[in-house]
Structure formats: C-alpha cells, structure tokens
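Q: Provided herewith is a single structure, encoded as structure tokens, for subsequent inquiry.
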C-alpha cells in the first residue's frame, strides 16, 4: 500500500501542512443505465499532454490549475508526462500511458460490449494543487460542462 | 483529484476514482473510490499488464451503479 510516509521528506512535510479542501458533492449522482450502454470518460491527474499542447507549469505557486483535452483517438505513445517532481516513480506511466489514461483498455471493453463507448474527449490535470481555488471555481466546472456536452454517462478518475 | 471528482459528481455525472493511498482519499472524501494496493505512480496496477488494468477498471466502474450518500471506499 502507498502511504504518505513513502514520500520523500520534503513532500511529507508539505503534505503534513496541506490543508485538505473538500467539496460537497452530495446528494451524488448514480449511473442509471447499464455499463454496456454507457459512454465513459477518463479524467486523470497524471499531467499528460500532447506534444503540441503546452506542458503544465510546475513553477506556478499554488499549482497549475489548467487542464488539457485529449481526444479519444489520441496516440498514447506520443503523450508526454509533465510531472517532473521526484515525489513518486514515473517510469510505469512513461512505459505505458494506459497505467493512468487507459484508452486502449476502454476501446477493448467497448469492442467486447462491456461498456458502451469511450467518450470523444478525456481530460488531464496536473494534480497536487495546494491552492485549488481556481480549480474548483473555474477549470473543474469547465470540464464538467464539457463532459455533459459530450453526453458522458460516467467518469473514471485516475491519479498517479 | 478528489476535488475535481466532487465537482463533476455535483454537476450530475456519476464518478469513481482509483486510489493507491487511503490516507489521502479519507481526507478528501470523494463519492466513490476503489483502493488498489500499489505504489504511487501505479494506479492501474502495472504497465503493459492489460488483464490487471482491465480488472481494476471493471471493479471501479462496478461502483457507479451504487447510490452513495457518504464516501464509499472499496478495496480491489
């Protein structure tokens, strides 16, 4: 199991001081149709981006609250990982982007009719945002609106 | 990530996340999370292990049909 104590000392100090913000999501939504008919989107905080998109900016104080849209047919092997921090091991995601953005797996599940289809767009954030004001007020609601525009039935979120 | 999840859920779309760290998830309290016993950086198990990745995804998606009033964390 991953524990906060697995992180290097500097990150543990940072996390110990981290003021976890919660957002009241209640009453909560529920998937009302079978998975086999559902359009599924992925939202990841693995900081993945296409080579033609700007990288995330780790120098922004309080964290980079922006996101990148990734089309469903994106070439996974072309994606870059913007996380430069050494807080965790990046080699797995670098080796196989499906570890955080499992588009190949969604395509296979759709072909096997276990899910309806992958959504046309998926979204990548940076994660580790100690000052999430603009994330909560601006970019996360923007992504939620795009997911609704795309007729997404459910969202799978993956950290790194 | 829990905040993004909570904003999306509040907008009316059901959400489920994968987590490798229960300590973090317990603090952010998102609606649904599948706990996968792997290190940071390995949320869907292992690179190039399609079978394991698919099992984790299906276990996570299976939680979507559960109406939750309180945060739900289930072990993979």
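Q: Can you list the helices (runs of 4 or more DSSP H) found entirely within the stretch A:58-158 that contain at least 1 residues being within 22 Å of residue B:55 (Cβ to Cβ), within 9 Å of chain B (Cβ to nearest Cβ) and in contact with a helix residue (DSSP H, G or I) (Cβ under 9 Å, 6 or more places away or on another chain)? Reasoning before the result, please.
A: Working: elements: A:91-95, A:103-111, A:140-149.
Helices (runs of 4 or more DSSP H) meeting the threshold: A:91-95, A:103-111.
Q: Also: If residue B:41 meets every condition in (1) within 28 Å of residue A:136 (Cα to Cα); (2) more than 7 Å from chain A (Cβ to nearest Cβ); (3) buried (at least 19 other Cβ atoms within 10 Å of the Cβ) apart from one, which number is that one?
A: With respect to (1) within 28 Å of residue A:136 (Cα to Cα); (2) more than 7 Å from chain A (Cβ to nearest Cβ); (3) buried (at least 19 other Cβ atoms within 10 Å of the Cβ), residue B:41 is out only on (2).
Okay, residues lined up against (1) surrounded by fewer than 24 Cβ atoms within 10 Å (Cβ to Cβ); (2) under 13 Å from residue A:22 (Cα atoms); (3) more than 7 Å from chain A (Cβ to nearest Cβ); (4) more than 12 Å from the chain's Cα centre (by Cα):
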{"position": "B:4", "(1), (2), (3), (4)": "no, yes, no, yes"}
{"position": "B:12", "(1), (2), (3), (4)": "yes, no, no, yes"}
{"position": "B:35", "(1), (2), (3), (4)": "yes, no, yes, no"}
{"position": "B:47", "(1), (2), (3), (4)": "yes, no, no, yes"}
{"position": "B:52", "(1), (2), (3), (4)": "yes, no, yes, yes"}
{"position": "B:57", "(1), (2), (3), (4)": "no, no, no, no"}
{"position": "B:69", "(1), (2), (3), (4)": "yes, no, no, yes"}
{"position": "B:76", "(1), (2), (3), (4)": "yes, no, yes, no"}
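Q: Across the stretch A:27-57, what is the number of residues that are under 16 Å from residue A:79 (Cβ atoms), more than 9 Å from every other protein chain (Cβ to nearest Cβ) and not in a loop (DSSP other than H, G, I, E, B)?
A: Count: 3.
Rule-based calculations on the coordinates, nothing more; no lab input. What you see is a predicted model; the values in this text were computed from it and never measured. Please note: Cβ atoms are built from the backbone with ideal geometry, for glycine as well, and neighbour counts cover all protein chains shown.
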